[in-house]
């Protein structure tokens, strides 16, 4: 097994395992910046040699930043498909990156809080991620890395437009900031569509757990900025922050009202989900995500003294196919995964009960 | 509250709580005899005065039998509708008996193993019931009571036809013997319809838990003789016994094969049902019966060391509406019952876990 992948699997993932502000509702805050090197074509138009040159250049630069001692390195041409999938399930890389044929690499800190994709759509896609709702610290951290890198490699920058990017939607700041929110209260009280519409009208995007095109399984929603042009990074981050603050407040209200006016419905919803997770022997990923969502809500409501949010957060990630196969130690088909998933979830919750 | 009803509710019910032969599959064995007094019209054609006379005559006679010290007495005109329903849910009386307008009474031993309905369809309907598959002892017990009574009151008897009864289907021996079977293995392996057809062709009836017209909820099936004429009581009981022996053997095979060839499916079926029973906050009676059926199967398969069959057997009865309202101590509507049922089941299984 790729030793870096093993290291990731054995590591504590900071953005899942640590506490963060408002982590009853906000799972994580993430920002990424798109940057490109001057004098070289974008990855989509470059030759393999040019792309290898980009990898070498960026890597050399990153090794000179303050991150240098903490980095794990993944060569996308060298690692196995299942290991790519693990990186994707951990939200360290995009689907495009692992599916592409372009030579690429990922550099990431052991706690997965900071990473650099080389040769995704752009030469450099750096991201920072932290638990809970804390866009400010995430931005500070990423901005520091960006400052360090910009002093080491020449970025393509236009005085009028700002940073140039492969896709026009990223031109300007190249920033995408997002917060992953767990919104079971708004879903159960059927207010979620109104909230999504409102957020969209304000110019923000709402996506599923794995970004563009993914479903809102487990009542998990990523809210992010759409526009990257005409405003500073700080302004964009601040505007997103104020939208997130409002959504969190709506979700809190929704949970409180459900508990006040429809307690048995809520207890039943959570209790049954826990019963399924704790006792099923066959569990597909869709049902697992839905049930984990209800369990997470129950943990927040104080129904499960022995289970913490981080146990649930981790399950949200490790029930996916590549992680399951890593834990199983072999490739297993969909039917076997449903059995293994059920057993993994049962054990984790049983162990939590015993603590 | 009617003190006799309270006594029943607080009593250990022998046919549910005690062990019996093959009680992994056979819940209970029951036989009833229909008898009528000479010189009086059947209940359906009699005046209220005549019916009261029947009650007095039969009761006086029963008080002279060996049962006399153990009897509880219920006057159908005097007790409340909900108490009648409790008697029905405990399988001590028929639906016709509690819905009829004819003056009637029930005499029953405290352990509910032996009872006499006066003025159901016939003047006398006596029944004996024991846990598990043991028609022989049940017949001996009931036959003894029948002998004692026949010496005390004159039965209508025709030399050609045998005992005369209100409905022609009971003429002859007036016997109906039945065994309540729990057949989840045959249901899950989709063999149940073939078995029912086979049993029917042999001249035996298959009904739900509450007799004629009731659904086979909880995979519970009552198998009974249809014909009452032309054979002795012993012959009828023996023939039913040999059919039951075959069904039990089929069910055992079905369970074994499911466990061998489809273990995860079976564990999942049972585990999920237990999860629902143990953690739901809203539970209707249909889902409760289906889940209890799966749990009972799991107990038999050794999945739950802390739960015994009798805990499950008792739940099969007390989750019904009248019992729930008795435990709640007040009338509650259907929606409240679903909440109360869930809480009662949760508590019973939680307590079992603690033992």
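Each reported figure results from applying straightforward, stated rules to the coordinates on display, with no laboratory input. As the structure is a computational prediction, the values presented were derived from the model and not from experiment. Glycine gets a Cβ as well: all are built from the backbone with ideal geometry, and neighbour counts include every protein chain shown.
For chain A, the normalised intensity computed at q = 0.09, 0.12 Å⁻¹ comes to -0.51, -0.89 (log10 of I(q)/I(0), Debye sum over alpha carbons, equal scatterers, no solvent). When each of the peptides B:181-187, A:79-85, A:347-353, A:272-278 is scored by the mean number of other C-beta atoms lying within 10 Å of its residues, the order from highest to lowest reads B:181-187, A:272-278, A:79-85, A:347-353. Take each residue of peptide B:334-345, count the partner chain Cβ atoms within 10 Å of its Cβ, and average: the result is 1.
Based on C-alpha pairs under 8 angstrom that are at least 6 apart in sequence, chain B has a relative contact order of 19 percent.
What fraction of the Cα pairs in the protein assembly as shown, stated in percent, has a spacing above 42 angstrom? Working shown, then result.
Numbers: 116914 of 251695 pairs.
That tail contains 46 percent of the Cα-Cα pairs.
Build a GNM of chain A with springs between Cα atoms under 10 Å apart, and of A:313, A:268, A:216 the one that fluctuates most is A:268.
Helix B:48-62 and the longest principal axis of the Cα set of chain B meet at an angle near 80°.
Kindly identify the stretch B:32-72 as rounded, prolate or oblate by the Cα gyration tensor criterion: order the square roots of the eigenvalues as a ≥ b ≥ c, call it rounded if a/c is under 1.5, otherwise compare a/b with b/c, prolate if a/b is larger, else oblate. Prolate is the answer for the stretch B:32-72, as a/c is 1.5 or above and a/b outweighs b/c. In nanometers and ordered shortest first, the copy-to-copy spacing of the residue B:331 label point, defined 7 Å from Cα toward Cβ, is 6.7.
If each DSSP helix of 4+ residues adds -39,500 (n - 2.57) and the sum is divided by the residues in the protein assembly as shown, what number results at 222 nm, nearest 500 deg cm²/dmol? Per the formula, -15500 deg cm²/dmol.
Taking other Cβ atoms within 10 Å as a rough exposure proxy, A:306, B:66 sort from fewest to most as B:66, A:306. If you line up the long axis of helix B:309-318 against the longest principal axis of chain B, both from Cα atoms, how many degrees apart are they, to the nearest 10? Around 60 degrees separate the two axes.
Taking a ≥ b ≥ c as the square roots of the Cα gyration tensor eigenvalues, with a/c under 1.5 meaning rounded and otherwise prolate when a/b beats b/c, else oblate, which class fits the stretch B:221-355? Oblate, because a/c is 1.5 or more while a/b does not exceed b/c. Chain B residue nearest by beta-carbon to the axis mapping B to A, with distance in Å: B:275, 1.
Largest GNM mean-square fluctuation across B:329, B:136, B:174, computed for chain B with C-alpha springs under 10 Å, falls on B:329.
Per-residue mean of foreign Cβ neighbours for B:277-284 is 6 (Cβ atoms of other chains, 10 Å radius). Once C-alpha pairs closer than 8 Å and six or more residues apart are averaged by separation and normalised to the residue number of the stretch A:263-354, the relative contact order reads 38 percent.
Distances between copies of residue B:245, taken at a point 7 Å out from Cα along the Cα→Cβ vector and listed shortest first: 8.2 nm. Per-residue mean of foreign Cβ neighbours for A:267-274 is 5 (Cβ atoms of other chains, 10 Å radius). On C-alpha positions alone, give me the angle between the axis of helix B:233-261 and the longest principal axis of chain B, in degrees, nearest 10. Value to nearest ten degrees: 10. When the Cα gyration tensor is reduced to axis lengths a ≥ b ≥ c, the ratio a/c is 1.5 or higher for the stretch B:220-276, and with a/b above b/c it is classed as prolate. Ordering of B:219-227, A:15-23 by packing is B:219-227, A:15-23, highest average first (other Cβ atoms within 10 Å, averaged per residue).
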